[in-house]
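The structure under discussion appears below in the form of structure tokens.
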Amino acid sequence: MTTTPDTASDAPNLPPDAPFRVGVIGAGTIAGAHLGAYRDTPGVQITAVADMNLERAQQVADEYGAARAYADPHQLLADPEVEGVSVCTWNDSHASWAIAAIEAGKHVLVEKPLARTVEEAEAIQRAAEGTDRLVQVGFVRRHAPNCQVLKSFIDAGDLGELYYAKASLIRRMGNPGGWFADKEIAGGGPLLDIGIHVLDLAWYLMGAPKAVAVSGSTVEKLGNRANITSMPRYTAADYDPTKNTVEDLASAMIRFENGASMLLDCSYSLHALEDSIAVSVYGDKGGAEVEPRLRLATEMHDAVVNIDPQIASPTFDFGLGFRNQVANFVAAAQGREESIAPLEHGVEITRILAAVYESAELGREVRLD
Ligand SMILES: NC(=O)c1ccc[n+]([C@@H]2O[C@H](COP(=O)([O-])OP(=O)(O)OC[C@H]3O[C@@H](n4cnc5c(N)ncnc54)[C@H](O)[C@@H]3O)[C@@H](O)[C@H]2O)c1
């Protein structure tokens, strides 16, 4: 795949009140969440959809009222009307489409993981350097109200200095197969697919400290548990029970420059009693769980007090998370807001994830400073 568009796009000469025109590359499952959110965002027009499966691109374009569908995303990127692009393809092309989009003069919202490797993530960074194009990373959980409400408590100093975090996302039969189970395409297993969500959520709430050391382990014992018939499973469109090259489980201890640390674990396959998610942060004035539901703990008048913020969804609100994410992307591209999930954060998260795999392979702690 080339990294330059077929035709360089000129800056669109649009009236000031023109809608922000977007295109989506990759028209599978998560593209629907992006497109639904764009459709619900005032001032946004969905212009084009591209997928190497043209029939899928056309069907999705029709569903969301996009004027054009392409089999080759380079054609979408050559469209001078398109200002912003969501990259919703498999992980192996996030970097190349993000780079091509930047080179075509587009703002880009790249799905997580930003890239499979640190080298790919740094290549995106080099492409963006010296341009005024926004690259935002699809860390959607940052945008959900449970995270944002907790962030406002943290920013006000209510938890004091955060020194410890725990992030866990356990699935018992969560290997979707298909490209998700192909290390070449996905870059990794549950760590890059689901562990990244909870790692990022905790790291963002901690204030995005620089990681200095990672001790990780990965395990391949149970495989994709294709033998299990007693429970339903989510499967990718190209599910093949005989194919799996990713880990079952990953765990890590991450140390940060400011002395804080985080424990992380995630699995596709594990003999756990139930699926679970748990993300919490602890400071010297208070602590909080953001998943499975937002709650805080502190001291008042020498008593331990739990605080229960009343919000519409105390756990991750998928629809609102995606709507807030694209609203932030569009506003940041237009210079009205700061992006809360900038490219540098995606690069740093990629470094931490790569260090977990490296540490697991070496069987010892890896330094990042
Ligand atoms: N933020 C979230 O909560 C979340 C949830 C699910 C998936 N994702 C991410 O979204 C991305 C897509 O996942 P999905 O579940 O939608 O996968 P999917 O397989 O349902 O859809 C991907 C689509 O991209 C197309 N595609 C793949 N490579 C392409 C290429 N090089 N050029 C053109 N089209 C290409 C495929 O034909 C397919 O239609 C992944 O990176 C995944 O990690 C994020």
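The values are calculated or read from the model by the stated rules, or taken from the named source; none is laboratory data. Since the structure is predicted, the reported quantities are computational estimates derived from the model, not experimental observations. Cβ atoms come from the backbone with ideal geometry, glycine included; neighbour counts cover every protein chain shown.
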Residue within segment 316-329 that is among the aliphatic types (A, V, I, L, M) and in a strand (DSSP E or B) present: no
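Go through Ala288, Ala252 for me and flag whichever is assigned to a strand (DSSP E or B), at pLDDT 95 or above and more than 30 Å from Met231 (Cβ to Cβ).
From the options Ala288, Ala252, the qualifying one is Ala288.
Results for (1) surrounded by fewer than 21 Cβ atoms within 10 Å (Cβ to Cβ); (2) in contact (Cβ under 8 Å) with a residue 24 or more places away in the chain; (3) more than 18 Å from the chain's Cα centre (by Cα), shown as yes or no for each residue.
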| residue | (1), (2), (3) |
| --- | --- |
| Leu169 | no, yes, no |
| Gly187 | no, yes, no |
| Gly207 | yes, yes, no |
| Gly216 | no, yes, yes |
| Pro232 | yes, no, yes |
| Phe256 | no, yes, yes |
Test result for Met1, farther than 19 Å from Gln136 by Cα, in a loop (DSSP other than H, G, I, E, B) and at pLDDT 95 or above: no
Some residue of segment 150-159 being in contact (Cβ under 8 Å) with a residue 12 or more places away in the chain, in contact with a strand residue (DSSP E or B) (Cβ under 9 Å, 6 or more places away or on another chain) and within 16 Å of the ligand (Cβ to nearest atom): no
Cβ-Cβ under 6 Å pairs, at least 6 apart or on other chains, segment 16-39 side more than 9 Å from the ligand (Cβ to nearest atom), far side of a type in the set (D, E, K, R) and in a helix (DSSP H, G or I): Ala37/Arg323
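Can you give me the number of residues within segment 81-99 that are within 9 Å of the ligand (Cβ to nearest atom), touching a residue at least 60 places away in the same chain (Cβ under 8 Å) and assigned to a helix (DSSP H, G or I)?
To start, the set of residues in segment 81-99 that are within 9 Å of the ligand (Cβ to nearest atom) comprises 87-94, 96-97.
From what's left, touching a residue at least 60 places away in the same chain (Cβ under 8 Å): 87-93, 96-97.
When the remaining residues are screened for being assigned to a helix (DSSP H, G or I), the result is 91-93, 96-97.
So the count comes out to 5.
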Positions within segment 260-310 being surrounded by fewer than 16 Cβ atoms within 10 Å (Cβ to Cβ), touching a residue at least 24 places away in the same chain (Cβ under 8 Å) and more than 23 Å from the chain's Cα centre (by Cα), in sequence order: His271, Ala272, Glu274, Asp284, Lys285
Flag if Pro19 is modelled with pLDDT of 95 or more and under 24 Å from Ala186 (Cα atoms): no
Residue match in segment 100-109 (condition: part of a helix (DSSP H, G or I), surrounded by fewer than 24 Cβ atoms within 10 Å (Cβ to Cβ), within 11 Å of the ligand (Cβ to nearest atom) and over 14 Å from the mean Cα position of the chain (by Cα)): no
Residues satisfying the stated conditions in segment 313-369, i.e. of a type in the set (Lys, Arg) and within 15 Å of the chain's Cα centre (by Cα): Arg323, Arg351
Top-ranked residue in segment 37-75 [being polar (S, T, N, Q) and not in a helix (DSSP H, G or I); ranked as nearest to Phe322 (Cα to Cα)]: Thr41
Extreme residue, nearest to Arg323 (Cα to Cα), among residues of segment 128-140 that are surrounded by fewer than 24 Cβ atoms within 10 Å (Cβ to Cβ) and touching a residue at least 60 places away in the same chain (Cβ under 8 Å): Leu134
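Give the residues of segment 48-62 that are crowded, with 23+ Cβ neighbours inside 10 Å and within 16 Å of Val87 (Cβ to Cβ), sorted by residue number. Outline the logic, then answer.
Initially, segment 48-62 is screened for residues crowded, with 23+ Cβ neighbours inside 10 Å, giving 48-51, 57, 60-61.
Passing the criteria: Ala48, Val49, Ala50, Asp51, Ala57, Val60.
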